[in-house]
Every structure is written in C-alpha cells, then in structure tokens.
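Trainee: Quick one: the structure is below, and I'll ask about it shortly.
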Amino acid sequence: MPVTVQVLDSTADDSMLDEVFEEFARLDQTFSPFLDGSAVSRINRGELSVEEAGPLVVQAAELCRLYEVATGGYFSAWPGGRFEPSGLVKGWAIDRSASILARHACDDWFVDAGGDVLAHGHNGDGGPWRVGIRHPVERNRVVRVVLASDLAVATSGTYEKGEHILDPHTGKPATELVSFTVAGPDILSADVYATACFAMGSRGLDFLDGVEGYEGLAVDRELRGAWTAGFAALCEGA
Amino acid sequence: MVGVVWLLNLKPAPHGLSIIASSSGQAGYDPNAPQPAVATPSPSPGASPTPTPSGATGTYTGQPEDAFYGTVQVRVTVSSGKITDVQPLQLPSDRARSAYISQVAGPMLRTEALQAQSARIDIVSGATYTSNAYAQSLETALQQAKLG
C-alpha cells in the first residue's frame, strides 16, 4: 500500500518521517493477513487468541466492535468468522501518524495511505490542502476538490472489475455504487464510514446524515453523484 | 378535470422527516406515514394542468407551509399521472433538505452527472483498491498461483 507523507514545516526532518513509516511498518507486521507471522494470521490459524496477541490487537478488536455497532454491521472485521481488521487499521495507522507529527509540533502536513488522506494546516501556497476525489473512470482527473485544512478524506469503492466490497449482511458484493467518499474530522471514522457507506449504497448518505460532522459523496455506476447537505461546502466552488 | 396539487408539510420524525400532504390550511402530522399521500385536488396559482387520459401532466407549486423547523414549499412535476420530479423550493435547513431528499425522493434522489475536471491538486483520494477486497482477491490469486 503506497504511503505518502509530506511535512512542510521548516523544523521537520527525516527522523520524523522515519517514525511515521516505522509506525506503518509496525502495524503492518501485526495486522497484515499476507504475513504468515502476523498476529492476525496466527489468530486466524487458531494459534493465538486476540487477548494473547497483546494490547495493540485487543485495542484494534475493540475499535472494530464499536464501529460494527455504530454502522449497524455494515462495517465488520469478522466476515465469515475470520478476523480481518484491515479496513480499520489503515485509518488507524494514519491517525497514529498524526499523533507523531503533532508530538513534533508540525503544523502543515498530510498523510496519504492508499487514497485515505488526513491533511493538517496549509499547503505550499498557504491555502488549504487541495484533495482531489479521483474520477472513477478518468483516473488522472477528479470529480471534486475538497479543501482540507484539518480534515480527513477517505474514499472506498471499486473501479475495477473483479474487486468487490461485500455487504456483510448478505455476503454478496455491494454493486450500487462505484465509490463513496467521506470527509470529517477523524480519519479513523472517515475510513470506516467510507467502507460501511459503500456497502449500504445510496442509503449510506442517510446514515451519514445522522452522524454529526461527517459528509459524504456517493457515486453510482452511471457516474452520478449524490451527497449529504454539507458536502458541497467542503469543496472548491462552494 | 383539475390537476393534482401537493401541499406538503415537513415535520421531524424520530428517524428522519415524514412528508405528508394536507389540504389547504389543515396541517397534519402522522409519524407512521413515511410516504406522501395525495392531497384533495384544488387549483394552485400558477399551475396549468394538462388533463390527459392517463392522468394530469404539468408542474405544480405547493403553498408555503409552516413546518416545525420553518417554512417548506415544494414544486412537483407530474407526467401522465406519475410524479417525475419533486423539487424543494424552500426548506428550513440544510439538514432538513438532505433528509427530505433522502426520505421522499427515493428513486428520485436528486443526483448530478459528475464531470471530470482537471484541477490543480495536492493529494488524491480515490479507491485505488479496498483493504478487504484487495486482500481477498490477492489472497485468492496467490492461492490459485499456489504462492500463498
């Protein structure tokens, strides 16, 4: 998963960025289902319980449970009984990176992990960070530009054939939408809500309406966009 | 034959907003009525109904109605007796507008065809892949290739 970190503060140095990348690596080693020795792989082979895997894994599992309840089960880290917290860990890693940068008193930065973005402060032109929401088909173009000064922007979806986000309730692919973007104050929530709302389809917009401070854009298979009331105000051209 | 006029009153319900129709002057609130009901037909200023064998066709503007949050007014387009568009002209708040659109519009959820634009941007948010989906498809591919 590509991870991009940019810090504009003149006080920033490589060691701060190293800390951020080490945090991503640490979480990957613990939670990656592709690493045989990760805690998640060992848990799914029955070699380890969540509790035995240590406080980091226990905390992840607890966060997953909370979000499962909050999203009515549309976010689930236990599809088919396996423990798969990847949908939470990505946003969580970004969130933990933010703490590292805050600890170093950085003001102007962003962290982008696999298309989920947390932006803080200002870009090189002194304005808010300009976060483009990628057009589902014309990959080098965007459908909206979100202006992010202290904002998380997470997009969930699939533009490619053969990839699916499953509706945990039915076990079948959610096919109404091609993407769902969530913007809000917290990257962990934005990331999870984007996944859950994608699985809900256009009803994800109703769900977000009930969540204070979070706005969303749903794009369907005809490339029509629909959004929550406050989404336009976050975008350029508002 | 007079056209159908919808006078819609918007009031909060526990899980969103219920839309009910009222005849002029009589506002009612039914929390169990999530779908709009047809009002007693009466002419509305500015409406020019076109009677057709299969129903009315035309655009109808409801009277502004006092709702819990404020004033609501909608315009409804009817074609051959079927509603083809509902446009809120006044809504009390942005949140109400969004909930109204979600609640009432259903299949008529107002959407906009998205245009691709080239814009100066710093970062891109996009679903290049999804955590779970990517993981599942990659795992399957690895198993098939007998590498995983």
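Every read-out reported here was derived from the displayed coordinates using simple, explicitly stated rules and does not represent laboratory data. Keep in mind that this is a model prediction, so the values were computed, not measured. Here the Cβ positions follow ideal geometry from the backbone for every residue, glycine too, while neighbour counts run over all protein chains shown.
Trainee: Using unit Cβ charges (K, R positive; D, E negative) and no other charged atoms, how large, in debye to the nearest 20, is the dipole of region A:82-238 about its Cα centre?
Mentor: Dipole of region A:82-238, to the nearest 20 debye: 400 debye.
Trainee: Could you give the distance between the Cα centres of region A:155-226 and region A:49-91, to the whole Å?
Mentor: So the separation of the two Cα centres works out to 18 Å.
Trainee: Right, next: Specify which residue in the list A:Tyr214, A:Val111, A:Pro128 is farthest towards the positive end of the charge dipole of chain A, using unit charges on the beta carbon of Lys, Arg (+1) and Asp, Glu (-1), about the Cα centre.
Mentor: Value: A:Tyr214.
Trainee: Dimensions of chain A along principal axes (Cα, Å, largest first)?
Mentor: 53, 46, 32
Trainee: Along the charge dipole of chain A, pointing to its positive end and built from +1/-1 on Cβ of Lys, Arg, Asp and Glu, which listed residue (A:Ala60, A:Ser156, A:Phe24) has its Cα farthest out?
Mentor: The residue sitting most towards the positive pole is A:Ser156.
Trainee: Using a Gaussian network model on chain A with a 10 Å cutoff between Cα atoms, which of A:Arg134, A:Arg65, A:Arg45 fluctuates the most?
Mentor: Highest fluctuation of the listed residues: A:Arg45.
Trainee: Dipole size in debye (nearest 20) for region A:66-169 around its Cα centre, Lys and Arg Cβ +1, Asp and Glu Cβ -1?
Mentor: About 160 debye.
Trainee: For region A:1-151, give the magnitude of the charge dipole about the Cα centre (Cβ charges: +1 Lys/Arg, -1 Asp/Glu; no others), in debye to the nearest 20.
Mentor: 700
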